[in-house]
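Engineer: Can you read through this structure? Questions will come right after.
The values are calculated or read from the model by the stated rules, or taken from the named source; none is laboratory data. Remember, predicted model here, so these are calculated numbers, not experimental data. Methodologically, a virtual Cβ is constructed for each residue, glycine included, from the backbone with ideal geometry; neighbour enumeration extends over all protein chains shown.
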Amino acid sequence: MTTAKELAGRVALVTGSSRNIGRAIALSLAAGGATVAVNARTSREDAEKVAQEIRGAGGRAEVFMADISDAKAVLAMVNGILQRFGRVDLLVLNASVRAEKPFTEMSFEEWRQPLSVTLDGAFHCVKACLPSMIEAGGGAIVTLGGLVSLSGADNRVHGSVAKHGLVGMTRALAREFGDRNIRVNCVAPGTMNTPRAAGRPPRPDVKTTVPMGRPGEPEEIAATVRFLCGPGASYLSGQTLHVNGGQMMF
């Protein structure tokens, strides 16, 4: 059971938190008492709305714009968070690029795009935030994987590889920094009730593909992330939690 304000005194950076799952995570961590650094690459207006919503509910939040695939931009962002709030205790790596292209038609640049945000971005953010966590005596990192990391997906070789890479990164970081009291876990959503980009094919019938018969809601992913960031998950590290309504079981 989630304890009210169990994240009080913590500072969280949530990448890609201007909309959808990232927005839900930012709001959930704030509801738990965390101060939230809302990040977006281009959609400042949406990011500001999330921060305003948090502040309107009595929480603390500020927007920090950065393209996380850019190491210098990430360092500047994290330095800005440290100057404003003094620490970073929680890092949620939600930002990603959802691209679709048949493998035979994919250029190297198109191959690299999801990897540059999902994997390179994770590298830059973890590198920048780790010193603060180590100095504070611990912290929590949550990566956002996906069902495609194990199931694969048509026209999404690059995205599947990027998400699978996050699982490996999660486990390796958990081993390397466990003795520093830094927990690292991955949340892998299944089919979600989020807007689909123009031109994408219709979502498969969840009544036949998901045992629970419905897509997941962003708030359900956010609740799992909040749990992993809190004291209830104090001995949980290096794990991938598949939040998919039974769509795939492991």
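Engineer: Quick one: in the stretch 78-98, of everything that is of a type in the set (Gly, Ala, Ser) and surrounded by fewer than 19 Cβ atoms within 10 Å (Cβ to Cβ), which residue is farthest from Glu62 (Cα to Cα)?
Structural biologist: Gly86
Engineer: If only one of Glu6, Glu48 is over 18 Å from the mean Cα position of the chain (by Cα), surrounded by 16 or more Cβ atoms within 10 Å (Cβ to Cβ), within 21 Å of Cys186 (Cα to Cα) and not aliphatic (A, V, I, L, M), which one is it?
Structural biologist: Glu6
Engineer: Ile134 - would you say it is more than 17 Å from Thr15 (Cα to Cα), among the hydrophobic types (A, V, I, L, M, F, W, C), touching a residue at least 40 places away in the same chain (Cβ under 8 Å) and touching a strand residue (DSSP E or B) at 6+ places or on another chain (Cβ under 9 Å)?
Structural biologist: yes
Engineer: Additional query: All but one of (1) at pLDDT 95 or above; (2) within 16 Å of Ala222 (Cβ to Cβ); (3) not in a helix (DSSP H, G or I) hold for Thr2; state the number of the condition that does not hold.
Structural biologist: All conditions are met except number (1).
Engineer: Restricting to the stretch 165-193, give me the number of residues that are surrounded by fewer than 17 Cβ atoms within 10 Å (Cβ to Cβ) and modelled with pLDDT under 95.
Structural biologist: Going through the stretch 165-193 one residue at a time, the tally reaches 1.
Engineer: Looking at the stretch 77-105, I want the residues that are free of Cβ contacts under 8 Å to residues at least 24 places away in the same chain and farther than 20 Å from Ala223 by Cβ and have a partner that is hydrophobic (A, V, I, L, M, F, W, C) and assigned to a strand (DSSP E or B) with Cβ atoms under 6 Å, at least 6 apart or on another chain. Which pairs are those?
Structural biologist: Gly80/Phe64
Engineer: On the given criteria, is Lys101 in a helix (DSSP H, G or I), surrounded by fewer than 24 Cβ atoms within 10 Å (Cβ to Cβ) and of a type in the set (Lys, Arg)?
Structural biologist: So Lys101 does not fit the description; no.
Engineer: Can you name every one of the helices (runs of 4 or more DSSP H) wholly within the stretch 137-250 that holds 3 or more residues which are within 27 Å of Glu110 (Cβ to Cβ)?
Structural biologist: Where helices (runs of 4 or more DSSP H) fall fully within the stretch 137-250 and carry at least 3 residues being within 27 Å of Glu110 (Cβ to Cβ), they are 148-151, 157-177.
Every residue, every condition in (1) of a type in the set (Val, Ile, Thr); (2) at pLDDT 95 or above; (3) not in a loop (DSSP other than H, G, I, E, B), yes or no:
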{"residue": "Ala12", "(1), (2), (3)": "no, yes, yes"}
{"residue": "Gly22", "(1), (2), (3)": "no, yes, yes"}
{"residue": "Ala30", "(1), (2), (3)": "no, yes, yes"}
{"residue": "Gly33", "(1), (2), (3)": "no, yes, no"}
{"residue": "Gly59", "(1), (2), (3)": "no, yes, no"}
{"residue": "Ser69", "(1), (2), (3)": "no, yes, no"}
{"residue": "Lys72", "(1), (2), (3)": "no, yes, yes"}
{"residue": "Leu82", "(1), (2), (3)": "no, yes, yes"}
{"residue": "Val92", "(1), (2), (3)": "yes, yes, yes"}
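Engineer: Hey, can you tell me all the residues within the stretch 224-241 that are over 22 Å from Ala26 (Cβ atoms) and either buried (at least 21 other Cβ atoms within 10 Å of the Cβ) or free of Cβ contacts under 8 Å to residues at least 24 places away in the same chain (or both)?
Structural biologist: Result: Tyr235, Ser237.
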